Amino acid sequence: MAQKRIGKQTLALQDPPSFAGHACIVGKKEGEGPLRDSFDFINADSFLGESTWEKAESALVRNAVSMALAKSALSPTDVNLVFCGDLLNQCTATSFGMRDSNIPMFGLYGACSTMSESLALAALAVDGGFADNALAVTSSHFCSAERQFRLPLEYGGQRPPSSQWTVTGSGAAVLSANGPGPYVTHVTPGRIVDNGVTDANNMGAAMAPAAYDTLKAHFEDMSQGPDAYDLVVTGDLGAVGSDILREFFAADGVDLASKHQDCGLLIFDRKTQDVHSGGSGCGCAASVLCGYLLNGMREGRWNRILFAATGALLSPTTTMQGESIPSICCAVTICNTK
C-alpha cells in the first residue's frame, strides 16, 4: 500500500487504466457554445422525447453509456462495475438511467465533482484488479436541477451575476486494464472544505477553497507545480470561483493562471449566451472531459492534464436552514503515456 501512496493524499496507480472509450451528449444551449464540435450528440429537445425533465436526464445517461460502450467495442456484459451519480435526490436520474444495464453499480454523490470522483474510483478499481473494465458516468439537466435546487422555471426569478447555468449533459468514460491510453495515473481525493459561504447563487466562491485545498495537496505530494501539466482544469468554478482560486495560488507565489482552465468557462460563451458566471452541474465537467479534453489528448494537443472537478455539497433543506455550503474537489491526473 505504501508504494501506491505519495505524500498525504495522492494515490499513484501501479497499472494505470486506459480510456477505452468516452462519449458526451448535451442539450441545445450547450450545442450553441464554443465546444459544439466536441460533443457526440446535441439534443434539440430538452425533453429528449420523454414526458418529464427527470426522465430526460435518465435518457441522457442511457445514451451516453451506450455511445461510450460502442466506441469501446464493448457490451454491458463486458463491464464489471459502474460508478455514477447526478444532482437529483437519491441520484434518481442515474438509478433510472442504469436500471436496465445489469451492470453492478455504485451510486455516488459529489455534486459537480462527481465526474472526477467516479473516474477516480473506476481507475482505482481497475488498477486494483477488481475490474477489467469499469464505467464512470455523470449527468445533469438544467430544468430538473432548477426545479429541485432553486425556483420553478415558470417563476422567472432574476439570477445574480455570480450565478451559474446548470449544463444539460452527460459524459461517460470506460476505463480498461489494457489499451493505448490516455491513462489515469494519479488520484488525489479531496477533503470537505467550508469557508462559510451561504449564498446558493455563488457556487464558485463556495467551491474555490476546496479546489485550492486539493490542488495544493496534489502539488505538494507530487513535489511539482502547475508547470508539470499542459492544463490544470477545474469544474465548475465559473468566472467568480476561477478568479478566487488563482488569487489563492498567487498569494503563495504560484502562477496557476497560465495553465488553468475551467469547464464552466469553456462550455459556454459568456458574452453571447447569458450564463452569467459560466456553466455548472455534474454534466458540465463530464461533457467537457469526455469530449473536448480527451479528444484533444488523443489528437496530441495535450499530453498531461490535471482534471479537478469541484462540488458544492448543499441541499435545498440546508440552504433554507441557513447552513453554509461545504465543498469538495477530487483531482485526477490523465496522461498520454504511463
For this session: Identify the residue in the stretch 38-64 that is in a loop (DSSP other than H, G, I, E, B) and within 22 Å of F268 (Cβ to Cβ) and, among all such residues, is nearest to the chain's Cα centre (by Cα).
Result: F39
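At least 3 residues that are more than 23 Å from S162 (Cβ to Cβ) and more than 11 Å from the chain's Cα centre (by Cα) in each: list the strands (runs of 3 or more DSSP E) lying fully within the stretch 228-316 that qualify.
Values: elements: 231-235, 260-262, 304-312.
Hits in the stretch 228-316: 304-312.
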For this session: Go through the stretch 25-70 and count every residue that is free of Cβ contacts under 8 Å to residues at least 60 places away in the same chain and closer than 18 Å to G179 by Cβ.
Result: 1
Exercise. Looking only at the stretch 217-272, which residues are of a type in the set (S, T, Y) and at positive phi?
Worked result: S223
For this session: Return yes or no: is G279 surrounded by 22 or more Cβ atoms within 10 Å (Cβ to Cβ), within 24 Å of A93 (Cα to Cα), outside the structural domain of V65 (by TED's automatic domain parsing) and in contact (Cβ under 8 Å) with a residue 24 or more places away in the chain?
Result: yes
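Just the residues that are among the hydroxyl-bearing types (S, T, Y) and crowded, with 24+ Cβ neighbours inside 10 Å, please, taken from the stretch 282-313. Break it down stepwise before answering.
Applying the first criterion (among the hydroxyl-bearing types (S, T, Y)) to the stretch 282-313 yields 287, 292, 310.
Of everything in the stretch 282-313, those that are among the hydroxyl-bearing types (S, T, Y) and crowded, with 24+ Cβ neighbours inside 10 Å turn out to be S287, T310.
Yes or no, residue by residue, for (1) part of a helix (DSSP H, G or I); (2) more than 16 Å from A93 (Cβ to Cβ); (3) touching a Phe, Trp or Tyr at 6+ places or on another chain (Cβ under 6 Å):
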residue: M115; (1), (2), (3): yes, no, no
residue: A120; (1), (2), (3): yes, yes, no
residue: A123; (1), (2), (3): yes, yes, no
residue: A134; (1), (2), (3): no, yes, no
residue: T138; (1), (2), (3): no, no, no
residue: C143; (1), (2), (3): yes, no, yes
For this session: May I ask you to list the residues in the stretch 97-138 that are within 16 Å of G283 (Cβ to Cβ) and surrounded by fewer than 20 Cβ atoms within 10 Å (Cβ to Cβ)?
Result: Y109
Problem set entry | Residue list for the stretch 57-68, filter: surrounded by 23 or more Cβ atoms within 10 Å (Cβ to Cβ) and out of contact with any strand residue (DSSP E or B) (no Cβ under 6 Å at 6 or more places or on another chain) | S58
Exercise. Of the conditions (1) crowded, with 24+ Cβ neighbours inside 10 Å; (2) under 29 Å from D274 (Cβ atoms), V79 fails just one. Which one is it?
Worked result: (2)
Seminar exercise, completed: Scanning the stretch 317-338 for residues that are assigned to a strand (DSSP E or B) and hydrophobic (A, V, I, L, M, F, W, C) gives I328, C329, C330, A331, V332, I334, C335
Exercise. Somewhere in the stretch 163-184, is a residue modelled with pLDDT of 95 or more, assigned to a helix (DSSP H, G or I) and in contact with a strand residue (DSSP E or B) (Cβ under 8 Å, 6 or more places away or on another chain)?
Worked result: no
Exercise. Mind checking which residues of the stretch 1-45 are touching a Phe, Trp or Tyr at 6+ places or on another chain (Cβ under 7 Å) and of a type in the set (S, T, N, Q)?
Worked result: S18, S38
Exercise. Picking from K8, K29, which residue would you name as being outside any loop (DSSP other than H, G, I, E, B), over 18 Å from the mean Cα position of the chain (by Cα) and either crowded, with 21+ Cβ neighbours inside 10 Å or of a type in the set (K, R) (or both)?
Worked result: K29
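The values are calculated or read from the model by the stated rules, or taken from the named source; none is laboratory data. Quick caveat, the model's predicted, so the values are computed rather than measured. Quick reminder, even Gly has a Cβ in these numbers, built from the backbone with ideal geometry, and neighbours come from all protein chains shown.
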